[in-house]
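Since the structure comes first, as structure tokens, the remarks are kept for the end.
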Amino acid sequence: MFIEDSSSIAYRQLGSADGTVFSVPEFILRVDEADFHGWQLRYGEWTDFADRPGADGAAQALQLAVEEMLERVEYRGK
């Protein structure tokens, strides 16, 4: 799905409401509420990444969140 930068960012296993398990960086949380399903990046400004339509929508949203996180870490440092 994505390349993990294991040198400085810790990853953990998180599941979505449908039971899918993802390897997720420490700065990203899963949010499954009545009005929002997706990932929340909490590094700098908190940013939501809603699940995309389709079977792999959560994975696509996570990919976008990880890409944004890596850009912020590169810019700001960890």
Using alpha carbon coordinates only, what is the Rg to Rh ratio of the chain, with Rh defined as the Kirkwood radius? 0.95
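Carbon-plus-sulfur fraction of the accessible area of the stretch 6-77, 1.4 Å probe, in percent? Write down the numbers at each step before the final one.
Numbers: 2080 of 4200 Å².
Percent of accessible area from carbon and sulfur atoms in the stretch 6-77: 49.
Using Cα-Cα distances under 8 Å and only pairs 6 or more residues apart, what relative contact order does the stretch 9-78 have, in percent? Spell out each step's value before the answer.
Details: 100 pairs, mean separation 14.3, N = 70.
It comes to 20 percent, rounded to a whole number.
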So how exposed is Arg42, as accessible area in Å² (1.4 Å probe, rounded to 10)? 90 Å²
The chain - charge dipole about Cα centre, Lys and Arg +1 at Cβ, Asp and Glu -1, debye rounded to 20: 240 debye
Ranked output for segments 63-69, 29-35 by mean other Cβ atoms within 10 Å, highest leading, reads 63-69, 29-35
With all protein chains present, calculate the accessible area of Tyr11 using a 1.4 Å probe and round the result to the nearest 10 Å². 50 Å²
Angle in degrees between helix 57-76 and the longest Cα principal axis of the chain, rounded to the nearest 10: 20 degrees
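The values are calculated or read from the model by the stated rules, or taken from the named source; none is laboratory data. Source: prediction; values computed, not measured. We place every Cβ from the backbone using ideal geometry, glycine too, and count neighbours over all the protein chains shown. Note: accessible area is taken over every heavy atom of the protein model, side chains too, but ligands, DNA and RNA are not part of it. Shrake-Rupley method; radii C 1.70, N 1.55, O 1.52, S 1.80 Å.
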